[in-house]
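Below is one structure, written out as structure tokens; the observations come after it.
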Amino acid sequence: MILIVDDTPENIISLKKVLEKNGFEVDTASSGEEALKKILNRSYVLIILDVQMPGMDGFEVAETISGFSKAKETAIIFLSAASANVNLITRGYSSGGLDYISKPVDMNVLLLKVKTFYRIYEQSRALNKMQETLREEIEYRKEAERKKDEFISIASHELKTPMTSVKGYIQLLERSIEKNDIETTKARLSKVQNQIEKLNNLIADLLDISKIESGKLKLNKKHFQFDVLVEDVLEILQQSHPDVTFIKKGSFEGKIYGDDIRIEQVILNFMTNALKYAPDSNEIHINSRKEGDHAYFSVKDFGIGMTEENKDKVFNKFYRIEETSERFQGLGIGLYICKEIIELHQGEIGVNSQPGEGSEFYFTLPLNTEQDENI
């Protein structure tokens, strides 16, 4: 918008008419004081400012405007009948004016100058936007680099821990074999197997991340009994955690069209997280049911819970809750992979949680995806 400031109504009317005819939005003020009030409340691209006005003259207005943060980038064109006065022209430029036009105004010259200032303004705004985008991109890349370095450090530690354990158990195995101690050998072999399983899971997660990043995480969909899958996972976990009570509420008797192996991966992740982050609790609730045209599944623990901020970020790649990262190991990619799997099934994933009151992770899966895919 352009602000015309002139104490002569005829001048304002003629300038306003020409500018509006050429597509410019125009506001007016008949004194320096009125102009300052408007500048405080609105933003202007250009101010056409008469030099010789009673009360506050154009130079005083310009000098005052220079102190307004809102008007720092506003261009000023001075209008004056005293064009031959070098001192006036010099003062105009020193007051913050960018150009000078003498009266009577040549409208063609004025339009040319206005269009030039508008073009410069648009270019400046585009440049500022590019700079802001560039700054955001730089910050994003810095944060991504920091997370990558942190992830590499964590991954190295997580991979090294079971490897060190395997190496130690193998050394102990050699001794028990030499002593022909069959029972000890079996126990240590079992521990080696557990550590190798940890390594296998870590490597599988890393491979999944690679597939997700390259868009190669594919689903092998078929019909399967959802509740049977849940029961199978429960049976395995109950055997390995006999001191924990798994309470199953509700059921979903129908079939789901999806990748049963990947859905099992999500269910197992939810349950193992519940065991991991509720070490002082011996009860976990599992819920499955039909909700409209979706299947609903959730796992609730009674552990440490999380804040609203963490709830918003917990499904992000490499995100680990800072206050628990020392106490609980992990790569910070399990829930990210779960989110990708559920979203590939056109489902939704989320969490309800309160600090100190536990967490309930859930997902929903649509029941008509096979029909949608065949359309």
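The values are calculated or read from the model by the stated rules, or taken from the named source; none is laboratory data. The model shown is predicted, which means the values in this text are computed figures rather than measured ones. No Cβ is skipped: glycine too gets one built from the backbone with ideal geometry, and neighbour counts run over all protein chains shown. To get the accessible areas, we keep the full protein, side chains included, count just its heavy atoms, and leave off ligands, DNA and RNA. Shrake-Rupley method; radii C 1.70, N 1.55, O 1.52, S 1.80 Å.
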Ile12 fails exactly one of (1) touching a residue at least 24 places away in the same chain (Cβ under 8 Å); (2) in a helix (DSSP H, G or I), namely (1)
Odd one out for Tyr336 among (1) modelled with pLDDT of 90 or more; (2) hydroxyl-bearing (Ser, Thr, Tyr); (3) part of a helix (DSSP H, G or I): (1)
Please tell me if Glu143 is under 28 Å from the mean Cα position of the chain (by Cα), closer than 30 Å to Ala75 by Cβ, modelled with pLDDT of 70 or more and surrounded by 10 or more Cβ atoms within 10 Å (Cβ to Cβ). no
Within the stretch 5-15, is there a residue that is of a type in the set (Gly, Ala, Ser), surrounded by fewer than 17 Cβ atoms within 10 Å (Cβ to Cβ) and under 20 Å from Ala62 (Cα atoms)? no
Every pair of residues 6+ apart whose Cβ atoms lie under 7 Å, when the first sits in the stretch 188-213 and is closer than 28 Å to Lys339 by Cβ while the second is of a type in the set (D, E, K, R) and assigned to a helix (DSSP H, G or I): Leu202/Glu158; Ile212/Glu340
Under the condition of being of a type in the set (A, V, I, L, M, F, W, C) and under 47 Å from the mean Cα position of the chain (by Cα), which residue from the stretch 89-110 is modelled with the highest pLDDT? Leu110
Does the stretch 254-281 hold any residues that are surrounded by fewer than 21 Cβ atoms within 10 Å (Cβ to Cβ), touching an Asp or Glu at 6+ places or on another chain (Cβ under 6 Å) and not in a strand (DSSP E or B), and which are they? Ala278
Tell me, please, whether a residue that is assigned to a helix (DSSP H, G or I), among the basic types (Lys, Arg), open to solvent by less than 100 Å² (accessible area, probe 1.4 Å) and modelled with pLDDT of 75 or more can be found in the stretch 147-156. no
Give the residue that is least open to solvent (accessible area, probe 1.4 Å), with candidates limited to residues of the stretch 282-318 that are among the charged types (D, E, K, R), in contact (Cβ under 8 Å) with a residue 40 or more places away in the chain and within 19 Å of Glu357 (Cα to Cα). Asp301
For Ser251, only one of the following conditions fails: (1) assigned to a helix (DSSP H, G or I); (2) loosely packed, with under 15 Cβ neighbours inside 10 Å; (3) of a type in the set (S, T, N, Q). What is its number? (1)
